[in-house]
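A short write-up of the structure that comes next.
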Amino acid sequence: MNMQLETFKLERYFARYEFAVRHMLCASDCESMSIQELLSLEPEASASLGKVWLGYTEPSGAPTLREAIRPLYKTVEAGEILVHSGAEEAIFLFMHAALRPGDHIVVHSPCYQSLEAVATSIGCEVTHWKAREERGWSLDVDELSGLLRENTKVVVINTPHNPTGFLMSKADLRRICQITDEKGITLFSDEVYRGAEYDPKDRLSAACDLSRNAVSLGVMSKTYGLPGLRIGWIATHNKDVLSKMERLKDYTTICNSAPSEFLAELALRHGDSIAARNVGIIKHNLDLLDGFFERHSDRFQWVRPRAGPIAYPRLIDGNVDKFCEGLVNATGVLLLPGSVYDDEGGHFRIGFGRKNMPRALGRLEEHIDEEG
């Protein structure tokens, strides 16, 4: 079969603008840091990095890195973790491991495009399980059983959610695990924003800790703000999926960058403090957004997010693509129109996980005031 991948709208949009604009007001990640800042977390780290051997690394990920990832889960062992070059490689390999042409997949939407596009390219049928703005961007779990078919092989969820910032309830996640387990369906749980909850008591269990058939996705890019490391992973008790993904990785990256693995392991040893710093930035910026959307309630509909550094407001009147284009051309402030998610409802993604967000928000507000 000739696999044809659709143009990745979001990534092409960023390729056009991300490194050319003055103000990124739609970034999906949190505040990052330099290698020097990361190394300063441990006295001997700089010297240890200098001794990292630049040969091939273990395809599954360094054993010490997998041990550093393991405490993020309650039931998973280090051998049930597979490290990848970012979350994107993990998504791609999972879809090819779990799906065949003609299979059916249910995908939480709106979604990061690869969560559905890779399945489509394989020749699968995709059904969107829609999060609805009028429900605070929640999923109706009662709908799920009606979306499933005899040939449904995978259900994809994303919580905390990109782009809405919605955090599923613990009861809903348990029900989803129960439904997929009863049907023998693999649950793929995109958990890249786990750890960025505004209240730690709201943090969900990883799906792989609730279901032996579930696959949990994690990454250094979002909560920890370290996308430059290009380190992601899956955690699962599902030996069949894990084994297939290991073999497929032989055709993609084979193994990971040794310096990146070292730095990711270092960051994870200090993961709680890095995440706490970033959640502090998020909460400060979120207060500013509350005020902004209150002042401009005539122009925007605001559903306050419950976790993570992004939200999905709606432009009440006008064309959101033209609004975003006019804004970036006039001010250098970049927002992400919902059209990159195939959403024509006037929504746009706003990001607030970085320290410089208040300056970008100020320029946005000046632009709106100037427009009248």
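The values are calculated or read from the model by the stated rules, or taken from the named source; none is laboratory data. Since the structure is predicted, the reported quantities are computational estimates derived from the model, not experimental observations. Here the Cβ positions follow ideal geometry from the backbone for every residue, glycine too, while neighbour counts run over all protein chains shown.
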> Is region 97-107 home to any residue that is assigned to a helix (DSSP H, G or I) and either touching a residue at least 24 places away in the same chain (Cβ under 8 Å) or in the same structural domain as residue 261 (by TED's automatic domain parsing) (or both)?
Replying inline: yes
> What residue, among those in region 247-284 that are hydroxyl-bearing (Ser, Thr, Tyr) and out of contact with any Asp or Glu (no Cβ under 8 Å at 6 or more places or on another chain), is surrounded by the most Cβ atoms within 10 Å (Cβ to Cβ)?
Replying inline: 260
> Could you say whether any residue in region 330-353 is surrounded by fewer than 19 Cβ atoms within 10 Å (Cβ to Cβ), assigned to a helix (DSSP H, G or I), free of Cβ contacts under 8 Å to residues at least 40 places away in the same chain and not assigned by TED's automatic domain parsing to the domain that holds residue 224?
Replying inline: yes
> Within region 79-116, can you find the residues that are among the small types (Gly, Ala, Ser) and surrounded by fewer than 24 Cβ atoms within 10 Å (Cβ to Cβ)?
Replying inline: 79, 85, 86, 97, 98, 102, 109, 114
> Could you count how many residues in region 257-306 are assigned to a loop (DSSP other than H, G, I, E, B) and polar (S, T, N, Q)?
Replying inline: 2
> Identify, please: which residue in region 41-61 is in a helix (DSSP H, G or I) and not hydroxyl-bearing (Ser, Thr, Tyr) and is, among those, farthest from residue 261 (Cα to Cα)?
Replying inline: 47
> Has region 256-278 got any residue that is closer than 20 Å to residue 60 by Cα, of a type in the set (Phe, Trp, Tyr) and free of Cβ contacts under 8 Å to residues at least 40 places away in the same chain?
Replying inline: no
> Does region 108-132 hold any residues that are part of a strand (DSSP E or B) and either among the polar types (S, T, N, Q) or over 18 Å from residue 339 (Cβ atoms) (or both), and which are they?
Replying inline: 108, 109, 125, 126, 127, 129, 132
>> Quick check on this structure: which one of 62, 68 is crowded, with 17+ Cβ neighbours inside 10 Å, closer than 14 Å to residue 270 by Cα, in contact (Cβ under 8 Å) with a residue 40 or more places away in the chain and of a type in the set (Gly, Ala, Ser)?
In response: 68
> Does any residue of region 20-34 turn out to be assigned to a helix (DSSP H, G or I) and either touching a strand residue (DSSP E or B) at 6+ places or on another chain (Cβ under 6 Å) or modelled with pLDDT of 95 or more (or both)?
Replying inline: no
> Out of (1) at pLDDT below 95; (2) within 24 Å of residue 96 (Cβ to Cβ); (3) not β-branched (Val, Ile, Thr); (4) not in a helix (DSSP H, G or I), what's the single condition that is false for residue 10?
Replying inline: (4)
> residue 203 versus (1) out of contact with any Ser or Thr (no Cβ under 7 Å at 6 or more places or on another chain); (2) touching a residue at least 24 places away in the same chain (Cβ under 8 Å); (3) assigned by TED's automatic domain parsing to the domain that holds residue 63: which is the lone unmet condition?
Replying inline: (2)
>> Within region 151-166, does at least one residue satisfy the condition of being more than 19 Å from the chain's Cα centre (by Cα) and without any contact (Cβ under 8 Å) to a residue 40 or more places away in the chain?
In response: no
